[in-house]
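Have a look at this one before I ask anything.
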Amino acid sequence: MKVALSATAGNLDSQIDPRFGRCQYFVIVDTDTMNIEALPNMAAGAMGGAGIQAAQTIANKGVQTVLTGSVGPNAFQALSAAGISIITGVFGTIREAVEKFKSGQLQKTTAPTAPMGSGMGGGYGMGMGRGGGRGMGRGMGRGYWQATGPFAQQAPVGTSATPPTPLQMSKEQEIQMLENQMKDVQKQLDQIRKRLKELKK
């Protein structure tokens with residue numbers, strides 16, 4: 001079975017990137033052989049529609065399940081339409097996440113877990129602009145920013161993400177999304193507590 005994970009780098013020991021549409025890499029793992037294919041996420045620097053573009057990339061690879069931190073409404077819809085199962089609230093390394101998936105510890109997500117437009121933080125947008133300006137002179141521009149993961153990841157720190165736009169989501173959808181986020185956070189807390197206990201033994 002092929003699963004795709006949002007990752008900070010292109011190998012089994014890299015960390016899960018909590019963002020689906022704007023992650024640095026997708027690592028596609030064959031769960032039977034543990035063979036991987038790493039794809040830089042070309043949608044990471046898109047001004048809009050990153051989730052949909054990322055979903056199309058994954059769908060074209062014949063992936064059956066996506067493991068990630070959170071997923072917005074557009075990406076959720078695009079992945080669901082392609083018949084791809086979605087599991088959110090995933091963290092740790094790619095290898096750990098695949099093992100948890102194989103042992104049945106992870107559960108399918110039934111609704112988006114991130115608000116519309118999240119992950120497009122003002123800081124990230126501005127960072128791209130500055131980076132683009134500096135890089136253009138060297139004929140590198142956007143490629144430079146996409147290639148250097150640490151910069152791309154650090155850009156949103158300390159800046160607020162684009163505010164959620166509830167108008168694009170019904171009240172029921174937003175309630176469902178927030179309840180899902182709450183469940184995912186609860187799951188993560190349980191796993192963190194469990195791991196802390198193991199480490200303290």
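From the Cα gyration tensor of region 24-71, with a ≥ b ≥ c the square roots of its eigenvalues, which class applies: rounded if a/c is under 1.5, or else prolate if a/b is larger than b/c, or else oblate?
Details: a/c = 2.12, a/b = 1.95, b/c = 1.09.
Prolate is the answer for region 24-71, as a/c is 1.5 or above and a/b outweighs b/c.
Post the alpha-carbon centroid distance, region 6-24 to region 67-108, in whole angstrom.
So the separation of the two Cα centres works out to 12 Å.
Pairs 61/108; 108/200; 2/194: which are spaced more than 22 Å apart, C-alpha to C-alpha? Working shown, then result.
Numbers: 61/108 20 Å; 108/200 31 Å; 2/194 28 Å.
108/200; 2/194, as the Cα separations exceed 22 Å there.
Read-outs: derived from the displayed coordinates by stated rules, not from any lab. All of these numbers come straight from a predicted model, not from anything done at the bench.
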